[in-house]
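Q: Quick one: structure below, then a few questions.
The values are calculated or read from the model by the stated rules, or taken from the named source; none is laboratory data. Remember, it's a predicted structure, so these values are computed and weren't measured experimentally. Here Cβ is always computed from backbone atoms with ideal geometry, including for glycine, and neighbour counts include all displayed protein chains. We work out accessible area using only protein heavy atoms, side chains counted, and drop any ligands, DNA or RNA first. Shrake-Rupley method; radii C 1.70, N 1.55, O 1.52, S 1.80 Å.
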Amino acid sequence: MSHVANELASQPECWERAAGLAAGHGGALPAAGERVAFVGCGTSLFMSQAVAALRESAGHGESDAFAASEFPDGRRYDRVVALTRSGTTTEVLELLSRLRGRTRTTAVTADPATPVMTAADEVVVLDFADERSVVQTRFATSAVTLLRAHLGLHTEAVVDDCHDALDEPLPAWLADCSQFTFLGRGWTVGLASEAALKMREASQSWTEAYPAMEYRHGPISITTRSTATWMIGDAPSGLADEVHATGAMWVAGGLDPLAELVRAQRLAVAVAEARGLDPDRPRHLARSVILAGA
């Protein structure tokens, strides 16, 4: 069994541990009313987008999300939270260095033996969620769980749904689709983007992601009988019928959105294995992007 398959299967336990850490790290995490930017690269960017939308929609304060390389230096925040599994990503470390002394920074990482430990003002370490696979699964969702718990938005029902996402068989026809589209609304737009990234990384699949209401504005034109359109969260009225009318398959996400992401992770591994690919070692990718001369 691949590392990523084992790691994604451990997520219920990781989520319970991450949620348990939230109270003890309250001072390092955004306070209610703070103006906060969440930053990351790759998977961590999409998790940042999800958490920022979740925090602001829950009334905890203005929240934005940026790729670390695209952070607007002229904009002022009370705190910047960087998500970085490796703790070594060049763009994240350079941003934290620029912000030192003018903006409070927090890093959420998996590896306590990396430069991010001194680059950020405060650090939360989720070492139990670290991974051997290049493909991120449990660190990303554990970081979201930590922040959901900090916001008072995590419940045991989320962990129960994660167990269901791991135990329930995936529809047999899914692995035979040639194109996958993931849709989200609000905070689940980031999760949809991450689901698509998992499919690209692990299985080299043709995969896209959109805000659900935007799907009608062009993207639905490529939908065919070999397309799976997967809704993460509640679907807009009438959209499922419109997708069915194209001949495509519709996947309704009935679990907690974070658990739906786990189902998509499983699909990515299943498609990779069906194609004879190694899901732990995506082509052209490494665990961390460390730029020459940084």
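Q: Considering the options Phe182, Thr155, Ser97, tell which one lies farthest towards the positive end of the dipole of the stretch 58-216, charges being +1 on Lys and Arg and -1 on Asp and Glu at the Cβ, about the Cα centre.
A: In the stretch 58-216, that residue is Ser97.
Q: Still on this structure: Quick check for you: with a 1.4 Å probe and neighbouring chains kept, what is the accessible area per residue of the chain, in Å²? Working shown, then result.
A: Details: 11850 Å² over 294 residues.
In whole numbers, the chain has 40 Å² accessible per residue.
Q: Return the Cα extents of the stretch 164-255 along principal axes one, two and three, sorted largest first, each rounded to a whole Å.
A: That gives 31, 28, 23 Å along the principal axes, largest extent first.
Q: May I pose another question? Which length gain, in nm to one decimal place, applies between Asp234 and Ala23 when the Cα-Cα distance is subtracted from 0.36 nm times their residue separation?
A: Values: separation 211, 0.36 × 211 = 75.96 nm, distance 2.96 nm.
Here the answer is 73.0 nm.
Q: Would you mind working out the magnitude of the charge dipole of the stretch 50-108 relative to its Cα centre, with +1 at each Lys and Arg C-beta and -1 at each Asp and Glu C-beta, to the nearest 20 Debye?
A: Magnitude of the dipole: close to 260 debye.
Q: Let me ask another. I want to verify a result. In a Gaussian network model of the chain, Cα cutoff 10 Å, which of these has the top mean-square fluctuation: Glu201, Glu16, Glu168?
A: Glu168
Q: Could you give me the ³J(HN,Hα) list for the stretch 159-173, computed from phi with Karplus coefficients 6.51, -1.76, 1.60 and θ = phi - 60°, whole Hz, x at Gly and Pro?
A: Result, ordered by residue: 5, 4, 5, 5, 4, 5, 4, 7, 8, 6, x, 6, x, 4, 6 Hz.
Q: Could you calculate the FRET efficiency of Ser226 with Thr155 from 1/(1 + (r/R0)^6), where r is the beta carbon distance between them and R0 is 30 Å, rounded to 0.05?
A: 0.20
Q: Tell me, what % of the accessible area of the chain is carbon and sulfur with a 1.4 angstrom probe?
A: Carbon and sulfur: 50 percent of the exposed surface of the chain.
Q: Each residue of the stretch 116-132 in turn: what ³J(HN,Hα) in whole Hz from Karplus with 6.51, -1.76, 1.60 and θ = phi - 60°, glycine and Pro shown as x?
A: 5, 4, 10, 6, 9, 5, 9, 9, 10, 9, 10, 5, 5, 9, 5, 9, 8
Q: Follow-up question, since we're still on this one. Quick one: ranking Ile220, Ile232, Ile290 by accessible area, 1.4 Å probe, largest first, what do you get?
A: Ile290, Ile220, Ile232
Q: Same structure, new question: Please list 3J(HN,Hα) in residue order for the stretch 9-24, calculated via the Karplus relation 6.51 cos²θ - 1.76 cosθ + 1.60 where θ = phi - 60°; whole Hz, with x for glycine and proline.
A: 6, 8, 5, x, 5, 5, 5, 4, 5, 5, 4, x, 7, 4, 5, x
Q: Let me ask something else. Mind putting a number on the dipole of the chain about its Cα centre? Charges go on the C-beta only, +1 for Lys and Arg and -1 for Asp and Glu, and I need it in Debye to the nearest 20. Present the calculation step by step, with values, prior to reporting the outcome.
A: On the way: 25 positive and 37 negative charges, 164 e Å.
So the magnitude is around 780 debye.
Q: Using alpha carbon centroids, what distance separates the stretch 124-142 and the stretch 244-294, in Å?
A: 15 Å
Q: Between the alpha-carbon centers of the stretch 207-235 and the stretch 169-204, tell me the distance in whole angstrom.
A: 10 Å
Q: So what is the calculated 222 nm ellipticity per residue for the chain, using -39500 (n - 2.57) for each DSSP H run with n of 4 or more, over all residues, to the nearest 500 deg cm²/dmol? Intermediate results must be reported in sequence, preceding the final value.
A: Values: 10 runs with 113 residues, N = 294.
About -11500 deg cm²/dmol.
Q: What full-extension length gain, to one decimal in nm, is calculated for Arg102 and Arg132 as 0.36 nm per residue of separation minus the Cα-Cα distance?
A: Here the answer is 7.3 nm.
Q: Name the residues whose placed amide hydrogens come within less than 5 Å of the amide hydrogen of Ser205, ignoring near sequence neighbours (fewer than 5 apart) on the same chain.
A: Those lying under 5 Å, H to H, from Ser205 are Arg200.
Q: Further question: Work out, step by step, the length gained on full extension between Trp173 and Met213: first 0.36 nm times the residue separation, then minus their alpha carbon distance; give nm to one decimal.
A: Full extension from Trp173 to Met213 adds 11.8 nm.
Q: Per-residue counts of other Cβ atoms within 10 Å, averaged by peptide: what ranking do you get for 182-195, 44-57, highest first?
A: Listed from highest to lowest mean packing, they are 182-195, 44-57.
Q: Could you state the orientation-averaged shadow area of the convex hull built on the Cα atoms of the stretch 55-106, in nm² to one decimal?
A: That works out to 3.9 nm², a quarter of the Cα hull's surface.
Q: Let me have the relative contact order for the chain, percent, based on Cα pairs under 8 Å that are six or more residues apart.
A: Working: 586 pairs, mean separation 60.4, N = 294.
Value for the chain: 21 percent.
Q: Jot down the per residue volume, in cubic angstrom and as a whole number, of the convex hull over the alpha-carbon atoms of the chain. Provide the component values of the computation, followed by the final result.
A: Numbers: hull volume 38.1 nm³, N = 294.
Taking the convex hull of the Cα positions in the chain, it is 130 Å³ per residue.
Q: Provide the FRET efficiency to the nearest 0.05 for the Ala32-Asp73 pair, computing r from the beta carbons and using R0 = 30 Å.
A: 0.70
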